[in-house]
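The values are calculated or read from the model by the stated rules, or taken from the named source; none is laboratory data. Keep in mind that what you see is a predicted model, and the values were worked out from it rather than measured. Note that we place each Cβ from the backbone using ideal geometry, even for glycine, and neighbour counts take in every protein chain shown. Just so you know, the surface numbers come from the protein's heavy atoms only, side chains and all, with ligands and any DNA or RNA stripped out. Shrake-Rupley method; radii C 1.70, N 1.55, O 1.52, S 1.80 Å.
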Amino acid sequence: PLPLPVGILRLPRGPDASGSRGFSRDPRQNSRQNSQLFPGSSPALQGARAALRQRFLRLLGRARGRPARFSLWSGIRVDAVFGASDRESAAFQVDSLRTPLGVQGAALLRASDVLAFSL
């Protein structure tokens, strides 16, 4: 059997002459580019976002083992015991999930399905 030829995928070159694929080695230039791309991203706004993110992560850390109610986009409300969240908060691990169909011992809820939750 003859080997089949395989095509090679080549990424395009970056916008500058160095070929860095859009990333500058100078951090001052990166911040200038970011401020041009996102005009509302001032240092004060970034600080406020960082503080809110930190508060949210602390809330998730303290929520372990507490009863929680999740409102899903489909209009269903479910009760559970909060277990954990992944780093990006893309999924919530819960125990004793009480749904209209019954109780699940453990489950993962996708954050994209959750409209709101309360502890």
What is the local net charge at D79, summed over the other residues whose Cβ is closer than 9 Å to its Cβ (Lys, Arg +1; Asp, Glu -1)?
+3
So if I restrict to the alpha-carbon atoms in the stretch 65-118, what is the Rg, and what is Dmax, the biggest pairwise distance, in Å?
10.1, 30
Mean accessible surface per residue for the stretch 65-118, computed with a 1.4 Å probe while every protein chain stays in place, in Å²
63 Å²
